[in-house]
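Below you'll find the structure, written out as C-alpha coordinates, and then a few comments.
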Amino acid sequence: MGPTQLAPVYRALRKAFEDGANEPGAADFYYGEMEMRRHDRTGTTRAERGLLHGYWMLSGYGLRASRALGWLAAAMLVTIMLLMGFGLPRDDPKQVATGIVPPGGGRVTFEIGKEDPRDPTGNRFTGERFEKALNVTLNSVIFRAADQDLTTTGTYVQMTSRVTEPVLLGLAVLAVRNRVKADPDRGVQTSKFPSVHALDQLLDGLDVGAARRRQLVHGARGVGTGAWTGALCR
(Lines give C-alpha, C1' and ligand atoms only; values in the text may rest on other atoms or scores of the structure.)
Protein backbone atom coordinates (compact mmCIF):
# COMPACT_ATOMS: atom_id res chain seq x y z
CA MET A 1 0.00 0.00 0.00
CA GLY A 2 1.31 3.42 -0.95
CA PRO A 3 0.86 6.91 0.56
CA THR A 4 -2.36 7.49 -1.41
CA GLN A 5 -4.04 4.47 0.18
CA LEU A 6 -2.52 4.94 3.65
CA ALA A 7 -3.48 8.61 4.12
CA PRO A 8 -7.22 7.89 4.60
CA VAL A 9 -6.31 5.00 6.93
CA TYR A 10 -4.36 7.33 9.21
CA ARG A 11 -7.16 9.88 8.97
CA ALA A 12 -9.80 7.35 10.02
CA LEU A 13 -7.66 6.11 12.90
CA ARG A 14 -7.03 9.68 14.06
CA LYS A 15 -10.78 10.32 14.02
CA ALA A 16 -11.38 7.15 16.06
CA PHE A 17 -8.89 8.30 18.70
CA GLU A 18 -10.40 11.79 18.79
CA ASP A 19 -13.87 10.29 19.29
CA GLY A 20 -12.41 8.33 22.19
CA ALA A 21 -10.94 11.54 23.71
CA ASN A 22 -7.40 10.21 23.34
CA GLU A 23 -5.75 13.34 21.98
CA PRO A 24 -2.10 12.22 22.41
CA GLY A 25 -2.83 9.01 20.52
CA ALA A 26 -4.69 10.92 17.81
CA ALA A 27 -1.65 13.18 17.40
CA ASP A 28 0.49 10.17 16.45
CA PHE A 29 -1.87 9.20 13.65
CA TYR A 30 -2.15 12.84 12.56
CA TYR A 31 1.62 12.84 12.10
CA GLY A 32 1.36 9.69 9.99
CA GLU A 33 -1.44 11.17 7.92
CA MET A 34 0.59 14.29 7.17
CA GLU A 35 3.63 12.16 6.27
CA MET A 36 1.57 10.21 3.75
CA ARG A 37 0.29 13.43 2.21
CA ARG A 38 3.83 14.83 2.02
CA HIS A 39 5.10 11.74 0.17
CA ASP A 40 2.03 11.33 -2.04
CA ARG A 41 3.07 12.38 -5.57
CA THR A 42 -0.29 11.61 -7.18
CA GLY A 43 -2.98 12.98 -4.89
CA THR A 44 -1.01 15.94 -3.50
CA THR A 45 0.12 18.85 -5.66
CA ARG A 46 3.74 19.97 -5.72
CA ALA A 47 2.87 23.28 -4.05
CA GLU A 48 1.02 21.50 -1.24
CA ARG A 49 3.89 19.06 -0.79
CA GLY A 50 6.24 22.03 -0.51
CA LEU A 51 4.09 23.59 2.22
CA LEU A 52 3.88 20.29 4.06
CA HIS A 53 7.64 19.84 3.81
CA GLY A 54 8.19 23.27 5.33
CA TYR A 55 5.68 22.56 8.09
CA TRP A 56 7.47 19.27 8.80
CA MET A 57 10.90 20.93 8.91
CA LEU A 58 9.83 23.78 11.20
CA SER A 59 7.80 21.91 13.81
CA GLY A 60 7.02 18.34 12.76
CA TYR A 61 3.46 19.30 11.75
CA GLY A 62 2.99 21.18 15.01
CA LEU A 63 3.94 18.13 17.11
CA ARG A 64 7.70 18.53 17.64
CA ALA A 65 8.28 21.38 20.08
CA SER A 66 12.05 20.78 20.22
CA ARG A 67 12.32 21.31 16.47
CA ALA A 68 10.44 24.62 16.59
CA LEU A 69 12.46 25.80 19.59
CA GLY A 70 15.68 24.88 17.79
CA TRP A 71 14.71 26.98 14.77
CA LEU A 72 13.69 29.81 17.11
CA ALA A 73 17.07 29.73 18.86
CA ALA A 74 18.86 29.72 15.50
CA ALA A 75 16.77 32.65 14.23
CA MET A 76 17.45 34.63 17.41
CA LEU A 77 21.19 33.96 17.12
CA VAL A 78 21.25 35.13 13.49
CA THR A 79 19.28 38.26 14.45
CA ILE A 80 21.70 39.09 17.27
CA MET A 81 24.74 38.65 15.03
CA LEU A 82 23.24 40.82 12.27
CA LEU A 83 22.28 43.54 14.73
CA MET A 84 25.74 43.57 16.32
CA GLY A 85 27.45 43.63 12.93
CA PHE A 86 25.23 46.03 10.99
CA GLY A 87 22.09 47.04 12.89
CA LEU A 88 23.26 48.95 15.94
CA PRO A 89 24.60 52.47 15.26
CA ARG A 90 28.10 53.61 16.17
CA ASP A 91 26.67 55.48 19.16
CA ASP A 92 23.22 56.51 20.33
CA PRO A 93 22.16 59.71 18.54
CA LYS A 94 21.64 62.63 20.90
CA GLN A 95 18.78 65.08 20.73
CA VAL A 96 19.82 68.49 19.44
CA ALA A 97 18.02 71.81 20.04
CA THR A 98 18.56 74.58 17.50
CA GLY A 99 17.14 78.13 17.51
CA ILE A 100 17.68 81.63 16.18
CA VAL A 101 17.70 84.75 18.34
CA PRO A 102 16.01 87.62 16.43
CA PRO A 103 18.06 90.82 16.10
CA GLY A 104 17.25 93.15 18.96
CA GLY A 105 15.89 90.35 21.14
CA GLY A 106 12.49 88.74 21.25
CA ARG A 107 11.02 85.26 21.33
CA VAL A 108 13.33 82.37 20.50
CA THR A 109 11.88 79.20 18.91
CA PHE A 110 13.84 75.99 19.38
CA GLU A 111 13.63 72.99 17.08
CA ILE A 112 14.32 69.62 18.70
CA GLY A 113 15.81 67.02 16.40
CA LYS A 114 18.02 63.95 16.42
CA GLU A 115 20.94 62.96 14.25
CA ASP A 116 20.57 60.04 11.91
CA PRO A 117 22.12 56.80 13.26
CA ARG A 118 25.62 56.28 11.86
CA ASP A 119 26.84 52.91 10.63
CA PRO A 120 29.07 51.09 13.11
CA THR A 121 32.84 51.01 12.79
CA GLY A 122 35.67 49.36 14.70
CA ASN A 123 34.99 46.46 17.05
CA ARG A 124 31.29 45.68 16.70
CA PHE A 125 31.12 42.50 18.80
CA THR A 126 31.35 43.83 22.34
CA GLY A 127 29.44 42.98 25.47
CA GLU A 128 27.54 46.26 25.43
CA ARG A 129 26.42 45.78 21.83
CA PHE A 130 25.45 42.16 22.55
CA GLU A 131 23.21 43.30 25.40
CA LYS A 132 21.49 45.84 23.16
CA ALA A 133 21.05 43.31 20.33
CA LEU A 134 19.66 40.72 22.75
CA ASN A 135 17.14 43.24 24.08
CA VAL A 136 15.94 44.04 20.55
CA THR A 137 15.72 40.34 19.66
CA LEU A 138 13.78 39.32 22.78
CA ASN A 139 11.28 42.10 22.14
CA SER A 140 10.91 40.89 18.54
CA VAL A 141 9.99 37.38 19.75
CA ILE A 142 6.95 38.77 21.57
CA PHE A 143 6.19 41.11 18.65
CA ARG A 144 7.30 44.33 20.30
CA ALA A 145 9.60 47.10 19.10
CA ALA A 146 12.50 47.84 21.44
CA ASP A 147 13.32 51.43 22.38
CA GLN A 148 16.64 51.29 20.57
CA ASP A 149 17.93 53.37 17.67
CA LEU A 150 18.89 51.22 14.68
CA THR A 151 20.54 51.78 11.33
CA THR A 152 18.57 51.24 8.13
CA THR A 153 19.86 47.67 7.92
CA GLY A 154 18.99 47.09 11.57
CA THR A 155 15.44 48.32 10.99
CA TYR A 156 14.88 45.74 8.25
CA VAL A 157 16.47 43.00 10.38
CA GLN A 158 14.11 43.86 13.23
CA MET A 159 11.09 43.89 10.91
CA THR A 160 11.99 40.43 9.62
CA SER A 161 12.56 39.01 13.09
CA ARG A 162 9.23 40.41 14.33
CA VAL A 163 7.50 38.26 11.70
CA THR A 164 9.50 35.02 11.78
CA GLU A 165 10.33 34.59 15.46
CA PRO A 166 6.79 34.96 16.90
CA VAL A 167 5.63 32.37 14.33
CA LEU A 168 8.29 29.91 15.50
CA LEU A 169 7.37 30.55 19.13
CA GLY A 170 3.72 29.94 18.28
CA LEU A 171 4.57 26.64 16.58
CA ALA A 172 6.49 25.51 19.68
CA VAL A 173 3.56 26.39 21.96
CA LEU A 174 1.17 24.59 19.59
CA ALA A 175 3.36 21.48 19.60
CA VAL A 176 3.46 21.39 23.41
CA ARG A 177 -0.31 21.85 23.59
CA ASN A 178 -0.98 19.07 21.07
CA ARG A 179 1.20 16.69 23.08
CA VAL A 180 -0.13 17.33 26.57
CA LYS A 181 -3.81 18.08 26.06
CA ALA A 182 -6.22 15.41 27.27
CA ASP A 183 -9.91 15.01 27.96
CA PRO A 184 -10.65 17.21 31.03
CA ASP A 185 -13.76 15.21 31.91
CA ARG A 186 -11.89 11.94 32.23
CA GLY A 187 -8.68 13.14 33.85
CA VAL A 188 -6.81 10.08 32.55
CA GLN A 189 -5.70 8.93 29.15
CA THR A 190 -7.98 6.42 27.45
CA SER A 191 -6.94 3.09 26.00
CA LYS A 192 -4.12 3.02 23.49
CA PHE A 193 -6.29 1.88 20.57
CA PRO A 194 -9.88 2.37 19.37
CA SER A 195 -12.37 -0.43 19.65
CA VAL A 196 -12.09 -3.58 17.59
CA HIS A 197 -15.48 -2.76 16.11
CA ALA A 198 -14.12 0.53 14.80
CA LEU A 199 -11.12 -1.24 13.29
CA ASP A 200 -13.37 -3.83 11.71
CA GLN A 201 -15.38 -1.07 10.04
CA LEU A 202 -12.20 0.68 8.92
CA LEU A 203 -10.79 -2.44 7.26
CA ASP A 204 -14.03 -2.98 5.34
CA GLY A 205 -12.93 -0.44 2.75
CA LEU A 206 -9.32 -1.60 2.44
CA ASP A 207 -7.90 -4.08 -0.02
CA VAL A 208 -6.83 -6.47 2.71
CA GLY A 209 -7.20 -10.23 2.52
CA ALA A 210 -9.68 -11.91 4.83
CA ALA A 211 -7.00 -13.81 6.77
CA ARG A 212 -4.84 -10.72 7.30
CA ARG A 213 -7.94 -8.71 8.18
CA ARG A 214 -8.92 -11.15 10.94
CA GLN A 215 -5.32 -11.19 12.18
CA LEU A 216 -5.19 -7.41 12.42
CA VAL A 217 -8.57 -7.07 14.12
CA HIS A 218 -7.93 -9.80 16.71
CA GLY A 219 -4.39 -8.60 17.36
CA ALA A 220 -5.31 -4.94 17.81
CA ARG A 221 -5.94 -5.05 21.54
CA GLY A 222 -2.97 -3.85 23.60
CA VAL A 223 -0.57 -3.00 20.78
CA GLY A 224 0.90 0.41 19.97
CA THR A 225 -0.07 2.54 17.00
CA GLY A 226 3.24 2.07 15.21
CA ALA A 227 3.18 -1.73 15.55
CA TRP A 228 -0.34 -2.02 14.15
CA THR A 229 0.38 0.33 11.24
CA GLY A 230 3.58 -1.54 10.44
CA ALA A 231 1.62 -4.80 10.33
CA LEU A 232 -0.94 -3.21 8.03
CA CYS A 233 1.77 -2.10 5.58
CA ARG A 234 3.34 -5.56 5.32
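Brief remarks follow.
- Per residue, the convex hull spanned by the Cα atoms of segment 121-185 measures out at 111 cubic angstrom.
- Measuring r between the beta carbons of ILE112 and HIS39 and using R0 = 45 Å, the FRET efficiency lands at 0.15.
- Taking GLU48, GLU165, GLU35 and ordering them by how much accessible surface each has at a 1.4 Å probe, largest first, produces GLU48, GLU35, GLU165.
- Along the axis of the charge dipole computed for segment 32-188 (Cβ charges of +1 for Lys and Arg, -1 for Asp and Glu, origin at the Cα centre), the listed residues PHE143, LEU58, PHE86 are led at the positive end by LEU58.
- Remark: segment 47-59, residue by residue, has Karplus-estimated 3J(HN,Hα) of 5, 5, 5, x, 5, 5, 5, x, 5, 5, 5, 6, 8 Hz, where x stands for each Gly or Pro and the curve is 6.51 cos²θ - 1.76 cosθ + 1.60 at θ = phi - 60°.
- Inter-label distance, THR152 to MET57: 3.1 nm, where each label sits 7 Å from its Cα along the C-beta direction.
- Prolate is the label for segment 31-123, because a/c, from the alpha-carbon gyration tensor with a ≥ b ≥ c as root eigenvalues, is 1.5 or above and a/b exceeds b/c.
- Shown in residue order for segment 159-175 are the 3J(HN,Hα) couplings computed by the Karplus curve 6.51 cos²θ - 1.76 cosθ + 1.60 at θ = phi - 60°: 4, 5, 5, 6, 9, 6, 5, x, 5, 5, 5, x, 5, 5, 5, 4, 5 Hz (x for Gly and Pro).
- Taking θ as phi - 60° and the Karplus parameters 6.51, -1.76 and 1.60, the scalar couplings of segment 83-92 work out to 5, 5, x, 9, x, 7, x, 4, 8, 6 Hz in sequence order, x denoting glycine and proline.
- Length gained on full extension, ARG49 to LEU138, computed as 0.36 nm times the residue gap minus the Cα-Cα distance: 28.8 nm.
The values are calculated or read from the model by the stated rules, or taken from the named source; none is laboratory data. Owing to the predicted nature of the structure, the values given are computational and were not obtained by experimental measurement. Every residue, glycine among them, receives a Cβ derived from its backbone with ideal geometry; neighbour counts consider all protein chains shown. Note: accessible area is taken over every heavy atom of the protein model, side chains too, but ligands, DNA and RNA are not part of it. Shrake-Rupley method; radii C 1.70, N 1.55, O 1.52, S 1.80 Å.
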